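Structure first, then comments.
The values are calculated or read from the model by the stated rules, or taken from the named source; none is laboratory data. Keep in mind it's a predicted model, so treat the numbers as computed, not measured. We place every Cβ from the backbone using ideal geometry, glycine too, and count neighbours over all the protein chains shown. Accessible surface is based on the protein model in full, side chains and every heavy atom, while ligands, DNA and RNA are left aside. Shrake-Rupley method; radii C 1.70, N 1.55, O 1.52, S 1.80 Å.
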Amino acid sequence: MKRLLSLSIAISLFACKGEPKDYVTLSGKINNPDESKTLKIFKGRDYEKIIPLNDDGSFNDTLKVVAGDYNLQHGKEYGQIYLENDNESAFETDYNSFMDSMVFKGDASDLNNFSVQSFIISKTYFTEELVASNDMSQVDDAIAAYKSAYEDLKIKYTDVDSMHVSMMDMNIDKTVQQITKYMESKMARIKAFPKGSASPAFEDYENFAGGTTSLSDLKGKYVYIDLWATWCAPCIKEIPSLKALEKEYEGKNIEFVSISVDEGRGYNNDPAEAYKGWKKMVNDKELGGIQLIADNGFRSQFIQDYKVTGIPRFLLIDPNGNIVSADAPRPSNSALISLFNELNI
């Protein structure tokens, strides 16, 4: 009789568990959602599903997947999530701080939180203020703190498979290599163009407002130069901050000069179309300051003299035509205002 009772209990437990589900349940909420009210889950061209959001940003749906890492998109923001059939996964975030506020729950939450937090810590330690400091000892300290914070994440999130840990280890090492390489090249630029040395000059660059402008025409004022192009996304991102600066320093002893290096890229290598594109963007975005276009793109003598290999790049020249900074802070970086204050601009 006892044997029959034990067998009955075992069968009952097995029946309650049921067969593994051939789908994953994904739920959660996106606060302050984008007007699209959709969440896209995709993996290259192999998989895509659009999940509708409720008015409050909540969602709940099922997806049939092959276990692995997937991309997610809401509005203009992107993220990553590990999905596996028979799991119940969830996350909550705010669209205004998409990655920074993302928290995963349910199955594979350790793995997903480990991945997103490993990304976030790079922003914590490698700030624009650090890069603008030009202090390699501070950068070395930040790298050490970054590595230590990553090791703490591995202790905090224990339920992460060795493959994902190994992949993240490589990403962390790559990030360290990138910041190190960037700072070394930045320090090399500073050494090549020391403060107080005569600045390379440009002559007779076409001015959008009409005529031509040379650096010598601006003597007697500080000159903040933005080297950019219409196809450069990071350049475009700086435009609102640059406009704000131009307004704040209007009438003061400084000129804001934007020099486009457009020469064909983004326009099927057609210089004539690139020129039209420059004119159109300056007009459409109502760009302020002095808008110039270099005479030969990246091959222009001024660009070559400053050893420019990537944009955006910002330069600050004093009223005597001497270099203040051959790699000045971006308009969006508060370090630029501090620099202006030091110079009593």
Check your understanding: Taking region 282-303 as the region of interest, how many residues are under 14 Å from residue 204 (Cβ atoms) and free of Cβ contacts under 8 Å to residues at least 60 places away in the same chain?
Key -> 1
Practice item. Confirm whether residue 179 is under 23 Å from residue 330 (Cβ atoms) and part of a strand (DSSP E or B). Key: no
Review point. Residue check: is residue 147 at negative phi, of a type in the set (Lys, Arg), in a helix (DSSP H, G or I) and over 22 Å from the mean Cα position of the chain (by Cα)?
Key: no
Revision key, fill the gap. Flagged pairs (Cβ under 7 angstrom, 6 or more apart or on separate chains; first in region 116-142, assigned to a helix (DSSP H, G or I); second of a type in the set (Asp, Glu)) are 120/100
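The rows are residues; the columns are (1) among the small types (Gly, Ala, Ser); (2) closer than 15 Å to residue 102 by Cβ; (3) open to solvent by 40 Å² or more (accessible area, probe 1.4 Å).
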residue	(1), (2), (3)
19	no, no, yes
23	no, no, yes
41	no, yes, no
45	no, no, yes
51	no, no, no
55	no, no, yes
59	no, yes, no
71	no, yes, yes
79	yes, yes, no
Check your understanding: Of these, 247, 307, which one is modelled with pLDDT of 95 or more and open to solvent by 20 Å² or more (accessible area, probe 1.4 Å)?
Key -> 247
Exercise for review: Determine whether residue 166 is under 30 Å from residue 184 (Cα atoms), open to solvent by 40 Å² or more (accessible area, probe 1.4 Å) and over 23 Å from the mean Cα position of the chain (by Cα).
Suggested key: yes
Point to revise | Conditions (1) farther than 23 Å from residue 184 by Cα; (2) of a type outside the set (Ser, Thr, Tyr); (3) open to solvent by less than 40 Å² (accessible area, probe 1.4 Å); (4) in contact with a Pro (Cβ under 8 Å, 6 or more places away or on another chain); number of the one not met by residue 219 | key: (3)
